[in-house]
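The values are calculated or read from the model by the stated rules, or taken from the named source; none is laboratory data. This structure is a prediction, so every number in the text was calculated from the model and none was measured. Cβ: placed from backbone, ideal geometry, glycine included. Neighbour counts: every protein chain shown. With ligands, DNA and RNA removed, areas are computed over all heavy atoms of the protein, side chains included. Shrake-Rupley method; radii C 1.70, N 1.55, O 1.52, S 1.80 Å.
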Amino acid sequence: MTISTGESLITAADIDDLITRVRQTAGDPGPLESAKAALFSGFSGDGDGPGAGTGPDPAAARLIRQRLLVTALRHGGALLAKLLSRLSPRETAMVRRYAHRLANFLDTLEVWAARPVMLALMRFGLPYGEAETIAVAVLLLVG
């Protein structure tokens, strides 16, 4: 797994790609557009006073990124490619095979942590090592 720091992990272009993919499946892109506005508007609240220009609070931003990743697991695209680029070819194949099951599981989590994600992947049939690497990559992406 490749770990890099200091990069913007989820970009506006990634969200635009997801919006296009959701529209192609006749889905509602509204939540994605709201997520993009929340992450990239540069403001929190009414635009003046404390917190102006800071964007969403870190916890809210993390929840938005989690929702975006779940959508990417279901629809593919640039954001999913970012996750897969951190994995070996074998791990990439496993994520592709179990993407919908993983998305469904992640939808049930209130708190995302490596251990429950790893255990779910192992229940799907992945070996311990691959499950651990994939779980860490997922958490790094939404971190």
Tell me, yes or no, whether the stretch 113-130 has at least one residue that is in contact (Cβ under 8 Å) with a residue 24 or more places away in the chain and closer than 17 Å to Arg62 by Cβ.
yes
Among the residues of the stretch 95-128, how many are crowded, with 19+ Cβ neighbours inside 10 Å and not in a helix (DSSP H, G or I)?
1
Is it fair to say Leu79 is part of a helix (DSSP H, G or I) and either surrounded by 15 or more Cβ atoms within 10 Å (Cβ to Cβ) or free of Cβ contacts under 8 Å to residues at least 12 places away in the same chain (or both)?
yes
Return yes or no: is Arg86 open to solvent by 60 Å² or more (accessible area, probe 1.4 Å), touching a helix residue (DSSP H, G or I) at 6+ places or on another chain (Cβ under 6 Å) and not polar (S, T, N, Q)?
no
Arg97 fails exactly one of the following numbered conditions: (1) closer than 24 Å to Val22 by Cβ; (2) under 16 Å from the mean Cα position of the chain (by Cα). What is the number of that condition?
(2)
Given the criterion open to solvent by 80 Å² or more (accessible area, probe 1.4 Å), of a type in the set (Val, Ile, Thr) and at pLDDT 60 or above, identify the matching residue among Thr25, Thr5.
Thr25
Report whether or not Val136 is under 13 Å from the mean Cα position of the chain (by Cα), over 22 Å from Asp17 (Cβ atoms) and surrounded by 13 or more Cβ atoms within 10 Å (Cβ to Cβ).
yes
